[in-house]
Each structure stands twice: as structure tokens, then as C-alpha cells.
Amino acid sequence: MRSALPGAVRLLGLSCALALGSAETAQAQALDSLMALARRTSPAVSAAEARLKAARAGVSPAAALPDPMLMVGVVNLPLGGPGFRDEMTMKMVGLEQTLPLHGKRGLRRVAAAGEVEAAQAGLEEAQRAAARDVAAAWFDLALADSLRGLAERQHRLLLAVARAAQAGYAAGRGGQEEPLRIQTELVRLSGEVAALRVERTRALARLNALLGRAWVIPVGAPTFPDRIQRAAFADSGGAVRFADTALGAFAARSPLPPIDSLQAAVLTTSPMIRAHLAELAAQSARVELAVREARPDPTFALQYGQRTGMADMITATVSLPIPLWRGRKQGQMAVAERATLDALEHEHHRMAAELEAEVLDLAQTTELHRTRLALYQAGVLPRARAAAEAALAGYRTGRTSFQGVLDTYMTLYTYEADAVRLLTEFAKAVLALEALAGQEVVS
């Protein structure tokens with residue numbers, strides 16, 4: 001055991017930061033490039049662009065005049081003689097045009113322009129969501145790769161320990177259960193690595209689906225960006241400093257702006273809020289339009305009549321609809337539009353409150369993961385490594401059982417894997433905050 005274990009122990013005794021790997025500049029640029037690509041080519045973005053195109057195309061028709069009516073026919077043709085020679089009979093051609101008054105065309109244009117603004121904000125929302133989801137898939141890839149690296153190092157350690165235990169058993173210094181226990185752990189680790197391969201494949205397929213391309217296209221070896229790691233491990237170099245003395249306090253020196261600043265930034269720049277404000281403006285125009293629909297629009301008609309053997313005739317008319325059923329029709333339409341506006345206003349207040357709550361939740365989640373990472377880096381992992389080294393030293397002198405050595409190293413492996421998962425969730429929460437705010441919140 002003196003010669004076989006120490007080298008293998010050094011493999012697993014690396015820090016979690018080394019296990020994660022430093023985020024190289026090229027990989028950070030690769031993530032930025034993928035996020036930019038998602039903003040351009042994501043199927044969700046393409047669908048939002050098509051909706052914006054449709055909304056823009058609807059502005060001109062909304063304010064256009066109704067199509068004129070062309071009339072062609074025969075007027076006053078007797079069923080008997082003299083037919084077309086009758087002085088009242090005419091072959092007629094005419095035009096009829098309805099003219100919307102009372103600012104109705106302008107209101108329709110305002111409503112259509114509101115739909116365009118809402119669609120524009122919807123496109124920005126789709127772009128932010130696509131970039132956020134691509135980043136989340138990227139981090140899942142980085143998590144799978146990091147966990148696989150930890151599992152493979154643990155596997156190499158257990159192989160070295162298995163050889164040493166087998167040699168000790170052959171020399172009569174240990175029991176048969178020791179190599180059997182290690183073999184069990186080796187089989188379990190093999191299953192974990194197989195599961196991580198599947199998780200990586202899923203994450204890669206999800207990332208490529210977000211980009212609208214084949215799932216097999218590789219993206220290299222994803223890592224966590226430097227700025228994310230700096231924000232996550234800013235206070236983990238030594239003793240952890242807390243924001244206050246209360247039990248369960250967050251780590252001090254938060255990299256995030258104050259909560260109220262984050263909430264204000266989100267409410268100011270949120271595409272969802274802008275889209276809803278545009279819908280409110282459009283619906284206000286529809287309410288006013290519904291009120292004005294009770295005011296009749298005139299229809300002008302001009303007809304030319306040709307008579308056989310007699311002078312031709314011209315007829316000009318103006319007609320107005322009579323709002324006889326105003327209370328049942330136009331009045332109820334106005335009531336319906338006002339109720340829709342009221343509903344949108346209530347929805348706006350709910351949306352703003354939910355966005356503020358979402359920002360608070362993400363900020364709290366980010367601080368929680370950062371605090372736990374600091375505790376892991378400054379306290380849990382160093383002590384777990386020290387315990388593993390002490391157990392190994394005790395095993396050499398016979399003071400620690402083989403099971404004790406194995407348990408300490410399996411515990412260390414579990415803690416290091418937990419730290420990688422915490423960093424992944426921290427990164428996802430930060431990117432979700434940035435998607436809401438439309439800007440970087442950590443640097």
C-alpha cells in the first residue's frame with residue numbers, strides 16, 4: 001500500500017477548480033459566438049421574425065379605404081316589349097365608395113402599429129431566451145465533461161487501490177472483502193460515466209436544436225467563462241466572510257448589483273413589459289374605435305346609364321347606415337373592448353410583480369449557490385481532502401480500516417461533484433438574470 005496509493009491519491013486530491021478547468025478565452029468566445037448565432041438562427045427567433053413581418057404588413061391595410069364597388073347592370077328593363085327601346089331602360093355602370101370618418105382609419109393604424117411594436121418586443125424576447133437556453137445547454141455540457149473527468153480520476157484511483165488490496169490479500173494482510181468492495185465501486189462508477197455520456201449527448205442535442213441544426217454537430221470542450229468563475233469563487237480563497245452574523249447568512253462581497261437596481265433594470269428593459277405596453281396602447285385605440293363605430297360612415301355612389309335612342313343619364317347618391325340596433329351591436333362592442341383593456345391593465349400589474357419576484361428569486365438562488373461554493377472551497381473540500389489523507393496514513397499504520405479509507409475518498413469525490421453542480425446552477429442563474437436585464441450583471 002505504501003507504493004501504490006500515494007500517486008493515485010494525488011490524482012483525486014486536486015482542487016475542484018482544477019477539476020473544472022480554467023475557462024480559456026477561446027472557449028468563452030465560443031459560447032459568445034453560439035449565443036450570437038442563437039439570436040440570429042434559432043427557430044424560435046425565426047418564428048418571431050415572421051410574426052413581426054406579418055404585423056408590419058398589416059399596418060397599411062388597417063388604415064386603407066374600403067375597396068370601391070363596381071356596379072354593372074340593366075335598369076328598368078320591361079318584362080314584355082318594347083325592351084331596350086323603353087325610355088326608362090338603361091344599361092348602367094357605376095362606382096360606390098364608403099368613406100370612414102371620425103378618425104377611424106387613424107385609430108386602426110394606431111392599433112396595427114401597436115401590434116408591430118409588440119411583435120418587435122417579442123422578437124427581442126425570443127432572442128434573449130434563445131441565447132439563455134443555449135448558454136444553459138452549454139453549461140450542462142461543461143457539467144457532464146467535468147463530472148466525467150472526476151469519475152475517471154476516481155476510477156483510476158480505485159484501480160490502484162484494487163491492485164494494492166489484491167496484493168495485500170495475496171500476502172495475507174487483508175480480507176477478501178476489500179477487493180470485492182472496490183470492484184463494486186468500479187462497476188458503479190462505470191455506470192455513472194455511461195449516464196454522463198448520455199447526459200452530454202442530450203445537452204448537445206438540445207443545444208443544436210436551439211440553433212436549428214443537426215444534433216450531432218460538435219461544439220468542442222465547453223467550460224465555464226472566466227467572469228462566471230471569478231464571480232463564483234471571489235470569496236473562497238481563505239476563510240469565508242459573511243454579509244452578517246445571522247445563521248444562514250450569504251457570503252459577503254456579492255458580485256450582483258442591489259436587488260432594487262436589478263428589478264428596476266428588468267422592468268425598464270424587459271421586452272415582455274414593452275410588448276404588453278404596446279398591446280395596451282393598441283387596445284386603447286380599439287376601445288375608442290369601438291365607440292366611434294356607432295357614428296355612421298357615408299357611402300357615395302355615381303352611376304352612368306345609357307339609353308337606346310335617348311339621352312344618357314347620370315345618378316349620384318349618398319347613403320348612411322342607420323344605427324337602429326346601436327345598444328345591442330356597437331354599444332356591446334365598445335363594452336367588450338373596454339373589458340379587454342381592463343383585463344390587459346390588470347395583467348400588466350401582475351406581469352410587473354411577477355418579474356420583480358423572478359428577479360428576486362434568481363438573485364437569491366445565485367447568492368445561495370455562491371455561498372455554498374465558498375463554503376465548499378474554503379471549508380468542506382479542504383477538510384474532506386485532509387480526512388482522506390489522514391485515513392490513508394492511518395491505514396498504512398493499521399489504525400484505520402480499509403473501509404474507512406474507501407469511504408473518505410468516495411465522500412471527497414461526492415463533494416467535488418457537488419461543487420461542480422453548484423457552479424453549473426450558479427452560472428445558469430446568472431445567465432437567466434442577464435437575459436431578463438438585457439445586460440451582463442457580473443464581470
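The values are calculated or read from the model by the stated rules, or taken from the named source; none is laboratory data. Just so you know, these numbers come straight off a predicted model, no measurement behind them. Every residue, glycine as well, gets a Cβ built from its backbone with ideal geometry; the counts of neighbours run over all protein chains shown.
Things to note:
- Filtered by the rule that a residue be of a type in the set (A, V, I, L, M) and surrounded by 24 or more Cβ atoms within 10 Å (Cβ to Cβ), the range 421-434 gives 423, 427, 430, 431, 433.
- Hits in the range 53-68 - residues which are farther than 28 Å from residue 301 by Cα and either free of Cβ contacts under 8 Å to residues at least 40 places away in the same chain or among the hydroxyl-bearing types (Ser, Thr, Tyr) (or both): 53, 57
- Where residue 116 falls short, out of the listed (1) part of a strand (DSSP E or B); (2) touching a Lys or Arg at 6+ places or on another chain (Cβ under 9 Å); (3) β-branched (Val, Ile, Thr): (1)
- Test: residue in the range 360-376 that is without any contact (Cβ under 8 Å) to a residue 60 or more places away in the chain, among the acidic types (Asp, Glu) and more than 26 Å from residue 429 (Cβ to Cβ): no
- Some residue of the range 24-45 being surrounded by 15 or more Cβ atoms within 10 Å (Cβ to Cβ), out of contact with any Phe, Trp or Tyr (no Cβ under 9 Å at 6 or more places or on another chain) and under 30 Å from residue 289 (Cβ atoms): no
- Pairs where the first residue, in the range 198-212, is farther than 18 Å from residue 147 by Cβ and the second is charged (D, E, K, R), C-beta under 8 Å, 6+ apart: 210/133
- Taken over the range 181-195, the residue count meeting the criterion of being crowded, with 20+ Cβ neighbours inside 10 Å and among the polar types (S, T, N, Q) is 0.
- Hits in the range 372-384 - residues which are charged (D, E, K, R) and closer than 12 Å to residue 419 by Cβ: 372
- Residues that are within 22 Å of residue 440 (Cβ to Cβ), outside any loop (DSSP other than H, G, I, E, B) and among the small types (Gly, Ala, Ser) within the range 241-296 comprise 251, 261, 264, 265, listed in sequence order.
- The conditions of being out of contact with any Leu (no Cβ under 8 Å at 6 or more places or on another chain) and on the phi > 0 side of the Ramachandran plot are met by residue 248.
- Odd one out for residue 313, checked against (1) within 14 Å of residue 89 (Cα to Cα); (2) surrounded by fewer than 13 Cβ atoms within 10 Å (Cβ to Cβ): (2)
- Residue 86, sole failed condition from (1) in contact (Cβ under 8 Å) with a residue 60 or more places away in the chain; (2) over 30 Å from residue 205 (Cα atoms); (3) among the acidic types (Asp, Glu): (1)
- The residues of the range 377-420 that are under 17 Å from residue 251 (Cα atoms) and either surrounded by fewer than 16 Cβ atoms within 10 Å (Cβ to Cβ) or without any contact (Cβ under 8 Å) to a residue 24 or more places away in the chain (or both) amount to a single one, 379.
- Taken together, the residues in the range 32-62 that are assigned to a helix (DSSP H, G or I), small (Gly, Ala, Ser) and in contact with a Leu (Cβ under 9 Å, 6 or more places away or on another chain) amount to 3.
- Only one entry in 301, 363 is at pLDDT 90 or above, part of a strand (DSSP E or B), surrounded by 14 or more Cβ atoms within 10 Å (Cβ to Cβ) and among the small types (Gly, Ala, Ser), namely 301.
- Residues of the range 196-216 that are within 22 Å of the chain's Cα centre (by Cα), loosely packed, with under 15 Cβ neighbours inside 10 Å, part of a loop (DSSP other than H, G, I, E, B) and not charged (D, E, K, R): 214, 215.
- Every residue from the range 243-277 that is crowded, with 16+ Cβ neighbours inside 10 Å and over 15 Å from residue 360 (Cβ atoms): 251, 255, 271, 272, 273, 274, 275, 276, 277
- For the criterion of being free of Cβ contacts under 8 Å to residues at least 40 places away in the same chain, among the polar types (S, T, N, Q) and more than 22 Å from residue 362 (Cβ to Cβ), residue 319 passes.
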